[in-house]
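The values are calculated or read from the model by the stated rules, or taken from the named source; none is laboratory data. Small disclaimer: the values here were computed from a predicted structure and weren't measured. Glycine gets a Cβ as well: all are built from the backbone with ideal geometry, and neighbour counts include every protein chain shown.
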């Protein structure tokens with residue numbers, strides 16, 4: 001028997017309404033709205049046809065693509081871009097070891113019109129550097145607590161976004177996803193979910 005995998009979906013297309021998503025003809029997300037995540041779900045490894053439609057429709061898919069699910073992996077599949085040109089970006093939530101008393105934090109840049117970015121703590125230290133659209137900066141260990149961050153274009157000093165009061169707990173993995181549009185609506189915003197590698201396990 002093949003080992004299962006886990007996945008969730010993220011709607012990160014700022015100019016798209018709610019969507020329905022199908023894997024091999026089976027609906028895996030219903031009326032998923034911008035900035036929304038599905039819960040993690042188990043999935044059998046293998047090849048899948050992925051079709052994304054406007055919610056409630058079954059004609060003229062916004063995206064028709066394929067993906068391969070690998071055994072014993074955890075993935076977030078982000079629907080990204082701007083309509084009519086959208087794509088599915090696989091982002092693995094890898095199982096990693098954390099130092100005792102620490103948490104893991106990473107950054108994923110999903111804003112299609114925002115330049116390469118650095119992420120800094122409001123107190124000064126840089127966490128991630130030179131992260132471009134569709135790129136993932138891997139997990140770094142941090143101490144638990146409350147943080148404030150700034151997102152700054154690489155090579156500049158003026159921040160584009162300031163995010164206060166981020167509470168992070170030890171023994172957990174978190175991703176800061178940047179979504180939205182620079183200088184337009186919906187504006188830049190971060191999503192900070194708990195990642196499945198914090199609590200999902202394989203037998």
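Can you name the residue in the stretch 144-179 that is on the phi > 0 side of the Ramachandran plot and part of a strand (DSSP E or B) and, of all such residues, is surrounded by the fewest Cβ atoms within 10 Å (Cβ to Cβ)?
Once the filter is applied, the top-ranked residue is 165.
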Pairs where the first residue, in the stretch 177-203, is not assigned by TED's automatic domain parsing to the domain that holds residue 75 and the second is part of a strand (DSSP E or B) and exposed (fewer than 13 other Cβ atoms within 10 Å of the Cβ), C-beta under 7 Å, 6+ apart: none
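Identify, please: which residue in the stretch 58-79 is outside any strand (DSSP E or B) and either free of Cβ contacts under 8 Å to residues at least 60 places away in the same chain or not assigned by TED's automatic domain parsing to the domain that holds residue 39 (or both) and is, among those, surrounded by the fewest Cβ atoms within 10 Å (Cβ to Cβ)? First the steps, then the outcome.
To start, the set of residues in the stretch 58-79 that are outside any strand (DSSP E or B) comprises 58-62, 70-73.
From the residues that got through so far, the ones that are either free of Cβ contacts under 8 Å to residues at least 60 places away in the same chain or not assigned by TED's automatic domain parsing to the domain that holds residue 39 (or both) too are 58-62.
Details: 58: 10, 59: 6, 60: 8, 61: 17, 62: 21.
The selected residue is 59.
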